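The values are calculated or read from the model by the stated rules, or taken from the named source; none is laboratory data. In this text, all values refer to a predicted model and were calculated from it rather than measured experimentally. Methodologically, a virtual Cβ is constructed for each residue, glycine included, from the backbone with ideal geometry; neighbour enumeration extends over all protein chains shown.
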Amino acid sequence: MNLHLVDICLILVYFLSVFFVGVYKTRTESTSSYMVMGRKLTLPAFVMTLVSTWYGGILGVSEYSTTYGISNWVIFGLPYYVFGIAFALLVAKRARSLEVNSLPEILVSDYGKNAGRLASIWVLLLASPAPYILTLGLILNYFLGLNLVIAIIGGAVFSLFYILNGGLTSVIKTDKLQFILMFVGFAIILMVLGGSYMSPIELWQSLPESHTSLTGGKSFAYILVWFFIGSWTLVDPGFHQRVYATTTQGIAKRGILWAVLFWFIFDLMTTLTGLYAFSYLPANTVPSQAFLVLANSVLPVGLKGLFYVGILATVMSTLDSNTLVSGITLGKDIFSGYPAFKKYSTNALIKTSMVIVLVVGIVTAIWIPSVIDLWYTFSSISIPALLIPTLLSIFKKPLSSRAAQLNLALPPLVSFLWFLFGKIDEWNYFWGLEPFYPGLLCSLLILILYKTSPKGASL
């Protein structure tokens with residue numbers, strides 16, 4: 001793809017702006033400032049960062065909305081509104097009151113260091129930057145013509161530079177800019193399409209049933225597992241980190257409710273863009289590239305660059321956040337607990353860990369080149385491990401240390417084996433059950449055994 005010089009300049013200005021905003025006056029020294037911004041996150045900034053960090057896998061949204069229509073909203077929208085509202089009403093104030101810096105800290109306080117280390121493994125998987133490294137690489141590969149591997153490495157390295165010194169402060173500052181750019185980008189393409197191609201009402205009337213159906217032709221079991229994956233919200237480490245960083249418990253609650261509203265608006269924009277892509281583009285268009293191809297086909301010089309900037313902002317805001325969260329988890333929650341690392345400061349361990357997780361993320365992105373597959377696999381393994389122990393701890397009804405460790409070890413193993421056997425049998429899972437379900441069932445059984453066991457029993 002050959003971009004006009006004007007569009008290239010807009011993209012370069014974007015990267016320079018992000019770097020400047022992230023680096024300028026954001027050096028932090030204390031561990032608290034680095035991880036949770038000294039708990040000074042205000043309501044507007046809280047809302048902006050929650051929204052901007054939620055859509056890093058935008059090419060996955062492109063793929064699903066173009067292929068399955070409004071089912072995209074059912075899978076990637078509705079479940080997160082439900083669990084987001086539940087988090088705001090039931091969890092936010094309690095989580096903020098704990099005065100912790102990371103999700104594993106909650107589990108350490110109730111279940112011990114071993115449980116905390118086990119939890120950290122699944123937090124690392126859940127917060128992996130790999131899907132967003134892949135997304136950024138695919139975008140740079142498309143409109144700059146860079147080799148995919150080089151694009152993946154280059155995008156990952158750039159995201160690292162501006163968060164090393166500033167930590168969460170740098171991330172929040174850039175997220176505010178990227179929040180604006182992502183909404184502007186999709187507003188531009190929808191206005192152009194609505195004015196020059198057909199109105200949204202005309203578009204809807206022209207669509208086949210496959211794209212107006214809530215299921216998109218998928219089975220109920222498949223739709224349901226994505227709904228349960230939406231419980232990710234309750235244990236999302238980046239989500240928790242921002243709650244811990246808010247100035248008050250009230251902001252933590254109100255900010256999430258405002259964020260859900262903006263999620264809804266942005267989901268409508270991206271789903272509608274996918275419907276336009278399906279209607280306008282040739283049938284042989286690669287679905288994951290549909291948003292990019294659509295912009296190249298309909299937008300004039302200048303506006304095209306602004307849309308691509310909006311796409312980049314959507315990805316970068318999530319990539320930098322997950323890199324930081326993963327670095328905190330590996331550096332503080334795992335490495336700092338071992339005597340061999342005691343001579344290093346926590347901030348130094350976190351920064352070194354961010355380099356490590358990016359290298360691992362790069363390898364993973366090259367090995368599994370599908371954003372949706374990465375989301376699905378990581379969440380199906382991690383959520384069954386984290387969900388019950390975390391919520392019980394937040395609500396001050398923790399499991400025993402033994403039961404918690406068992407919950408953090410056995411359910412993800414069950415889900416992983418389910419994946420493995422399914423792959424051997426060409427993705428024909430036992431009894432047609434997706435791997436998430438047996439993992440969650442195992443977690444529930446451990447909870448039931450713990451609650452029904454007499455005092456002094458093994459659990």
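Structure notes:
- Restricting region 219-246 to residues that are small (Gly, Ala, Ser) and more than 23 Å from residue 103 (Cα to Cα), the residue that is modelled with the highest pLDDT is 219.
- Failed condition for residue 141, given (1) of a type in the set (S, T, N, Q); (2) more than 16 Å from the chain's Cα centre (by Cα); (3) buried (at least 24 other Cβ atoms within 10 Å of the Cβ): (3)
- When region 53-72 is filtered for residues that are under 17 Å from the mean Cα position of the chain (by Cα) and either surrounded by 24 or more Cβ atoms within 10 Å (Cβ to Cβ) or within 23 Å of residue 237 (Cα to Cα) (or both), the ones remaining, listed by number, are 53, 54, 55, 56, 57, 58, 59, 60, 61, 62, 64, 72.
- Candidates 384, 398 - the one that is surrounded by 17 or more Cβ atoms within 10 Å (Cβ to Cβ) and not in a helix (DSSP H, G or I): 398
- Of the helices (runs of 4 or more DSSP H) lying entirely inside region 9-68, those containing at least 1 residues that are closer than 22 Å to residue 347 by Cα and at pLDDT below 90 span 31-36.
- Evaluating residue 44 against the criteria (1) surrounded by fewer than 23 Cβ atoms within 10 Å (Cβ to Cβ); (2) under 14 Å from the mean Cα position of the chain (by Cα) leaves one unmet condition, (2).
Residue-by-condition table, conditions (1) on the phi > 0 side of the Ramachandran plot; (2) aromatic (Phe, Trp, Tyr); (3) over 24 Å from the mean Cα position of the chain (by Cα):
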residue	(1), (2), (3)
380	no, no, no
389	no, no, no
398	no, no, yes
402	no, no, yes
410	no, no, yes
432	yes, no, yes
437	no, yes, no
447	no, no, yes
452	no, no, yes
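- Taking region 396-411 as the range and being at pLDDT 90 or above and out of contact with any Phe, Trp or Tyr (no Cβ under 6 Å at 6 or more places or on another chain) as the test, the residues that pass are 400, 402, 405, 406, 407, 408, 409, 410, 411.
- Residue satisfying condition, being of a type outside the set (Lys, Arg), in contact with a Gly (Cβ under 7 Å, 6 or more places away or on another chain), at pLDDT 90 or above and surrounded by fewer than 24 Cβ atoms within 10 Å (Cβ to Cβ), within set 314, 352: 352
- The helices (runs of 4 or more DSSP H) found entirely in region 231-342 that carry 2 or more residues being within 18 Å of residue 193 (Cβ to Cβ) and over 21 Å from the mean Cα position of the chain (by Cα) are 249-280, 290-298, 303-328.
- Test: residue 301 is at pLDDT 90 or above, touching an Asp or Glu at 6+ places or on another chain (Cβ under 8 Å) and more than 25 Å from residue 61 (Cβ to Cβ): yes
- Residue under evaluation residue 372, criteria (1) farther than 23 Å from residue 15 by Cα; (2) free of Cβ contacts under 8 Å to residues at least 60 places away in the same chain, criterion not met: (2)
- The lone criterion from (1) free of Cβ contacts under 8 Å to residues at least 40 places away in the same chain; (2) within 16 Å of residue 229 (Cα to Cα); (3) surrounded by fewer than 22 Cβ atoms within 10 Å (Cβ to Cβ); (4) not acidic (Asp, Glu) left unmet by residue 417 is number (2).
The rows are residues; the columns are (1) assigned to a loop (DSSP other than H, G, I, E, B); (2) surrounded by fewer than 23 Cβ atoms within 10 Å (Cβ to Cβ).
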| site | (1), (2) |
| --- | --- |
| 369 | yes, yes |
| 372 | no, yes |
| 389 | no, no |
| 405 | no, yes |
| 409 | no, yes |
| 412 | no, no |
| 421 | no, yes |
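- Residue 169 crowded, with 22+ Cβ neighbours inside 10 Å, over 20 Å from residue 308 (Cβ atoms) and among the hydroxyl-bearing types (Ser, Thr, Tyr): yes
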